[in-house]
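Q: Once you've had a glance at the structure underneath, I'll fire off some questions.
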Amino acid sequence: MKRQIPILPGELSIRILWAPVTACSLTFGLLLCAFPPRETPETAYFFLIPALWWLSSRPSYKSVFLVFLFFGWLYYLTLLWWLRHVTFSGLSLGALLLSGYLVIWFLFARWLIPHGLKGRFGTRLLSMLSLASAWTLIEWGRSQFALGFPWCPLSVSQWQRPAVLQISEWTGGWAISFFLVFFNLCIASYLHHLLVRRRKTSRTGIVGSMCPDFYVGLAFLGVMLSPVFFSPSSHDDEVPMLRAGFVQPYLLEKWGVGKAARHKDTLRRHSHILAATRPDVILWPEASTPYAINEDSTWVEDISKRTQLPMIVGAITKSADPPLSYNSVCSITPQHGLIRKYYAKRALVPFGEYIPKGFGWIPNLDKLVGPTGRFEPGGDARTMLLDVNSTGNSLEIGPLVCYEDIFPDLARETTNQGADFLFVSTNNAWFGEEGCAEQHAAHSVLRAIENRRPVLRCGNAGWSGWIDEQGVRRSVMRDQNGSVYFEGAATFSISSDPSQIHQKTFFSRQGDWFPYVCLPLCGFGFLAKRQNGLLIHS
């Protein structure tokens, strides 16, 4: 009988405790650094390596589940820490749910990686394609169903590096996440080759150090950057669209007693300041007006008449029969006042704007819903016509409310309705000054590229400005300290690439086709494991 080598207590503690703690801390720490408000998106290219190192040692599935669930929960607690200003219990439960999605991938990786590392290049390639596809499918799954919350998918980490995002007009942001995970796996396999595999071969020197996995990763990076080289963009060819005036009023406790008059004065004052700069339109953020605008429209119509400027405003609207509330974007013109046709938010915030079906039995859950009561969802995507005085043209505005721009399908549907640009009217004042506004704005970068439409964002308490069709942040409102969190107003000139006007991208036309391609690719993992088993027994 073969003699068992005893495991020393120190070695046991490293295997059981310090290895998983170190691996998970580094992986989630690097992932956290990749997202705003931090400015190190490059960490997304190698964040998985510590976790993959631990998984290659074949830890138990129970350990993988518990460790990644706990550290994933800590990661989402930190990433979404600003959500505690609304509800800490909701933050804790939401972080646990989001961590559960990640755990699925790490369990799959634990099953596949040890077998993939033993195989030849073909087996490893199948394993890497399978794991990258699984990550993409899990992220896509987070955007589905009533509780869908696709906040900060891996693709969003690259919002400051638009060069690598350009392929999104074909694949959506899903291919960016796929690429980042695949690149992580290629680098991890290369390191494993240098430290382990090449020691088992007779090849030495430069030849022994060569690993095809590494070059496949570099080739994939070249594919991701290829749109920049084959279709270079230049701001010199742009044509003016409009001059837009953004009001960022920083309204806090908007529905508090005695706040209405002060908030009206703030909105009125900044709108009149903007009028002196002669914009083509004045934009207000989500739910700006203290009362339902269709029940208290006179003062807003008066601003439009006095400035002789059209206005696009976020506001609550109400219907009398039946008595329903909508989170809306409305249009006001100097000639016609409040236009009856408005856009109502389609994707409401669960437990914040409504109670999802099946949860009504939980006592006191209505207390989580905001002070205006439950909202009703809008029925469809809509656009709003805007006559632009500076150019003499008419433009179709594609409104989105609150966090609707984190859902690719909503922006795509609005683009397909004929929108010339997307307008995101949002609040973010609920969440303090801890990165929520930057994380939210990062999603708009992807929506701009996916649909090749400029995105204008007007926030109540942060990140108001515009992003062009290439995903470049062109103008952002900042105070003298460089912060996006302040009260103010600004007018920006919006321009557009004439080659993109009235054109629809492949993604706009076809939608989320890439995750469906990932579904059979995910099955490559089973093929890789079978291949490896045949090699071992042959």
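The values are calculated or read from the model by the stated rules, or taken from the named source; none is laboratory data. Just so you know, these numbers come straight off a predicted model, no measurement behind them. Backbone-built Cβ (ideal geometry, glycine too); neighbour counts: all protein chains shown.
Q: Please state which of the following conditions residue 262 fails to meet, knowing it meets all the rest: (1) touching a residue at least 60 places away in the same chain (Cβ under 8 Å); (2) over 30 Å from residue 499 (Cβ atoms).
A: (1) is the only condition that residue 262 fails.
Q: Please find, within the stretch 139-158, the residue that is modelled with the highest pLDDT out of those that are among the small types (Gly, Ala, Ser) and assigned to a loop (DSSP other than H, G, I, E, B).
A: 143
Q: Same structure again: Test of understanding: among 110, 124, 120, 142, which residue is of a type in the set (Lys, Arg) and under 19 Å from the mean Cα position of the chain (by Cα)?
A: Result: 142 is the single residue among 110, 124, 120, 142 that is of a type in the set (Lys, Arg) and under 19 Å from the mean Cα position of the chain (by Cα).
Yes or no, residue by residue, for (1) assigned to a helix (DSSP H, G or I); (2) touching a Phe, Trp or Tyr at 6+ places or on another chain (Cβ under 7 Å):
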{"site": "160", "(1), (2)": "no, no"}
{"site": "169", "(1), (2)": "yes, yes"}
{"site": "175", "(1), (2)": "yes, yes"}
{"site": "181", "(1), (2)": "yes, yes"}
{"site": "185", "(1), (2)": "yes, no"}
{"site": "190", "(1), (2)": "yes, yes"}
{"site": "194", "(1), (2)": "yes, no"}
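Q: Residues being buried (at least 16 other Cβ atoms within 10 Å of the Cβ) and under 15 Å from residue 30 (Cα atoms): count how many of those fall in the stretch 78-95.
A: 1
Q: Moving to a separate point now. Of everything in the stretch 161-206 that's among the polar types (S, T, N, Q) and modelled with pLDDT of 95 or more, which residue is surrounded by the most Cβ atoms within 10 Å (Cβ to Cβ)?
A: 168
Matching residues to (1) acidic (Asp, Glu); (2) touching a residue at least 40 places away in the same chain (Cβ under 8 Å); (3) not assigned by TED's automatic domain parsing to the domain that holds residue 248:
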site	(1), (2), (3)
286	yes, yes, no
312	no, yes, no
320	no, no, no
324	no, yes, no
347	no, yes, no
351	no, yes, no
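Q: Here's another thing I want to ask about it. All but one of (1) within 20 Å of residue 109 (Cβ to Cβ); (2) at pLDDT 95 or above; (3) out of contact with any Ser or Thr (no Cβ under 9 Å at 6 or more places or on another chain) hold for residue 21; which doesn't?
A: (2)
Q: So, in the stretch 267-303, of the ones that are polar (S, T, N, Q) and crowded, with 23+ Cβ neighbours inside 10 Å, which residue ends up modelled with the highest pLDDT?
A: So, considering only residues that are polar (S, T, N, Q) and crowded, with 23+ Cβ neighbours inside 10 Å, the one modelled with the highest pLDDT is 271.
Q: For the stretch 493-507, does any single residue satisfy the condition of being touching a Ser or Thr at 6+ places or on another chain (Cβ under 6 Å) and crowded, with 20+ Cβ neighbours inside 10 Å?
A: To start, the set of residues in the stretch 493-507 that are touching a Ser or Thr at 6+ places or on another chain (Cβ under 6 Å) comprises none.
So far as the stretch 493-507 goes, no, none of its residues is touching a Ser or Thr at 6+ places or on another chain (Cβ under 6 Å) and crowded, with 20+ Cβ neighbours inside 10 Å.
Q: Of all strands (runs of 3 or more DSSP E) completely enclosed by the stretch 394-490, which ones contain at least 3 residues that are in the same structural domain as residue 343 (by TED's automatic domain parsing), over 17 Å from the mean Cα position of the chain (by Cα) and not aliphatic (A, V, I, L, M)?
A: Numbers: elements: 394-401, 421-426, 455-459, 465-467, 473-476.
Those strands (runs of 3 or more DSSP E) span 394-401.
Q: In this structure, is residue 129 of a type in the set (A, V, I, L, M, F, W, C), in a helix (DSSP H, G or I), in contact (Cβ under 8 Å) with a residue 60 or more places away in the chain and assigned by TED's automatic domain parsing to the domain that holds residue 178?
A: Details: of a type in the set (A, V, I, L, M, F, W, C): yes; in a helix (DSSP H, G or I): yes; in contact (Cβ under 8 Å) with a residue 60 or more places away in the chain: yes; assigned by TED's automatic domain parsing to the domain that holds residue 178: yes.
So residue 129 passes the test.
Q: Restricting attention to the stretch 304-336, which residues are surrounded by fewer than 21 Cβ atoms within 10 Å (Cβ to Cβ), among the hydrophobic types (A, V, I, L, M, F, W, C) and assigned to a strand (DSSP E or B)?
A: 324
Q: Go through (1) under 30 Å from residue 252 (Cα atoms); (2) of a type outside the set (Val, Ile, Thr); (3) free of Cβ contacts under 8 Å to residues at least 40 places away in the same chain one by one and return the number of the condition residue 98 breaks.
A: Condition not satisfied by residue 98: (3).
Q: Report, by residue number, each residue of the stretch 18-33 that is farther than 17 Å from residue 99 by Cα and touching a residue at least 24 places away in the same chain (Cβ under 8 Å).
A: Result: 19, 22.
Q: Which residues, taken from the stretch 287-302, are farther than 20 Å from residue 324 by Cβ and over 34 Å from the mean Cα position of the chain (by Cα)?
A: Selection gives 298, 299, 301, 302.
Q: Among the residues of the stretch 217-230, is any modelled with pLDDT under 95, polar (S, T, N, Q) and assigned to a loop (DSSP other than H, G, I, E, B)?
A: So far as the stretch 217-230 goes, no, none of its residues is modelled with pLDDT under 95, polar (S, T, N, Q) and assigned to a loop (DSSP other than H, G, I, E, B).
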